[in-house]
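Asks: One structure, as C-alpha cells, below. Some questions next.
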Amino acid sequence: LKNEEIYNIFDTDKILNRPARANVTDKSGLAGIAHWVNSYLGLKPESALDKRHPGLAGIYEWVKEQYAQGRVTSISDEEMLMQARMHLPEYFKSDFDKLRDHALDLSEKIIERLAADPAVRSMNAERIEPVLEKAVHQHIFIQFIYVTDMSGKKITHNITQPEYKDKYGTFGLHEDFSDRDWFNGALDEGGVFITDFYKSRITGALCITVSAPLLDDDGNSIGVIGADLRFEELARMSEAMV
C-alpha cells in the first residue's frame, strides 16, 4: 500500500504482526489479488507470488463474476481466503485438505439420509419432490438435486435454488443420465459416490456431485439419487461447523 495510514487507522503490524490488506474489488486487478495473497501468507518479495500465477487468475475470475452479478460490496477476507484455498492449494494444503474432507463428509451424510427416506425410496415423484424441495431449502449449497430410475432416466422435475430455475430449463423430466459417472459410480459401488471437482456448465460454480443408490426393502437397487453441490458454499458451511 502506498500510504497504509489512509486505509487503516490501527497499527496492524504491531497488533496482528502482519501489514494491513487492501479491500479487494473487481477494480483491484491481478496485482491487487497478488497483494492480498502475498500479504496474507506473509511472503517476502523474493518468494512472493507473481501476478501471472494461474491460481491468482482463477481468483480474479471469481471476483469479476461476483460484480458482474451485481455485487456492490468489497470482497471479505473470509471470501478471499476461501478462494485462495481452492485456487492455491499448494500454499494452503493442510487447511484445504481438512476443509475438503469435512465438506465431503457432510455431503455424504446428507445424501445417505435422503437415500434412506421412505418417500424417496418410493420412486413416486409426487412423494419424492417435497423431500428434495425441503433439502434444497435447508442446504443452500445444493445447486440441483434429482432421482433417476435404473435406466438413468430422471423421474423428478427440476429441483434447484430459485435463482437457477431458468438455467435448468433445458433439462426435461425424463432426461437420460445413464452415461454419467455419478449414476454408474453409485450403482457399481453400491453406496455413496462423490465425483471429482468440476466447473458447472450451468452456473460456472466449482461443484462436486454426490450420489447414492436407492434400495428396496430387500436391498435391491431401484434407482439413484444425485445432487450437484456448490463446493464454495459447502466448504463455508463445513468450516462454520468445525
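The values are calculated or read from the model by the stated rules, or taken from the named source; none is laboratory data. Computed from a predicted model, the values in this text were never measured in an experiment. Heads up, the Cβs are rebuilt from the backbone with ideal geometry, glycines too, and the neighbour counts pull from every protein chain shown.
Asks: Name the one entry in ASP196, ASP101 that is free of Cβ contacts under 8 Å to residues at least 12 places away in the same chain, farther than 24 Å from GLN69 by Cα and under 21 Å from the mean Cα position of the chain (by Cα).
Replies: Details: ASP196 fails: free of Cβ contacts under 8 Å to residues at least 12 places away in the same chain.
Sole residue among the options that is free of Cβ contacts under 8 Å to residues at least 12 places away in the same chain, farther than 24 Å from GLN69 by Cα and under 21 Å from the mean Cα position of the chain (by Cα): ASP101.
Asks: Output the number of the condition that LYS109 fails; it satisfies all remaining conditions of (1) within 25 Å of ILE142 (Cα to Cα); (2) modelled with pLDDT of 90 or more; (3) not assigned by TED's automatic domain parsing to the domain that holds ILE140.
Replies: Condition not satisfied by LYS109: (3).
Asks: Only one of (1) surrounded by 14 or more Cβ atoms within 10 Å (Cβ to Cβ); (2) farther than 30 Å from TRP62 by Cα; (3) modelled with pLDDT under 95 is not met by GLU189, so which one is it?
Replies: (1)
Asks: Kindly indicate which of GLU61, GLU46 is free of Cβ contacts under 8 Å to residues at least 12 places away in the same chain, farther than 28 Å from THR209 by Cα and not assigned by TED's automatic domain parsing to the domain that holds TYR198.
Replies: On the way: GLU61 fails: farther than 28 Å from THR209 by Cα.
GLU46 is the lone residue from the list that is free of Cβ contacts under 8 Å to residues at least 12 places away in the same chain, farther than 28 Å from THR209 by Cα and not assigned by TED's automatic domain parsing to the domain that holds TYR198.
Asks: Can you confirm whether ARG121 is assigned by TED's automatic domain parsing to the domain that holds SER211, touching a residue at least 24 places away in the same chain (Cβ under 8 Å) and more than 15 Å from the chain's Cα centre (by Cα)?
Replies: On the way: assigned by TED's automatic domain parsing to the domain that holds SER211: yes; touching a residue at least 24 places away in the same chain (Cβ under 8 Å): yes; more than 15 Å from the chain's Cα centre (by Cα): yes.
In short, yes.
Asks: Let me ask you something else. Taking THR195 as meeting all but one of (1) closer than 15 Å to SER107 by Cβ; (2) at pLDDT below 90, write down the number of the exception.
Replies: It fails just one condition, (2).
Asks: Restricting attention to region 20-36, does a residue exist that is modelled with pLDDT under 90 and under 25 Å from the mean Cα position of the chain (by Cα)? Let's see the steps before the verdict.
Replies: Let us first name the residues in region 20-36 that are modelled with pLDDT under 90, namely 20-23.
Still in the running and under 25 Å from the mean Cα position of the chain (by Cα): 23.
Checked against the condition, which is being modelled with pLDDT under 90 and under 25 Å from the mean Cα position of the chain (by Cα), region 20-36 yields at least one hit.
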